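The structure under discussion appears below in the form of structure tokens.
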Amino acid sequence: MSFDEWAAVAGTGFDAQQLGLFAEVFRTYTEHGMRGNGLVLEAVLGRKPRTLRDYVRDLAAGRPTEV
């Protein structure tokens, strides 16, 4: 998915500065890929990462979600 396709669907909730930052992320990942693995993510988060399923479940239940 291109940034423009993503922004057309998800971008309405973001201001111009935020969309500019997302555009930079998309450009960087397109040019360089996304390096890392689960161990790197755990080190960055300082905890084991959750699954997307667990995150959405917590969000739907109104529980606080960690970043």
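The values are calculated or read from the model by the stated rules, or taken from the named source; none is laboratory data. Only a predicted model underlies this, so the values are computations on that prediction, with no experimental measurement involved. Note that we place each Cβ from the backbone using ideal geometry, even for glycine, and neighbour counts take in every protein chain shown.
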Original post:
Which residue out of 45, 41, 19 is modelled with pLDDT of 90 or more and surrounded by 11 or more Cβ atoms within 10 Å (Cβ to Cβ)?
Top reply: 19
**OP:** Would you mind stating whether residue 47 is among the charged types (D, E, K, R), in contact (Cβ under 8 Å) with a residue 12 or more places away in the chain and under 28 Å from residue 4 (Cβ atoms)?
**Re:** no
**OP:** Please tell me if residue 60 is in contact with a Phe, Trp or Tyr (Cβ under 8 Å, 6 or more places away or on another chain) and of a type in the set (A, V, I, L, M).
**Re:** no
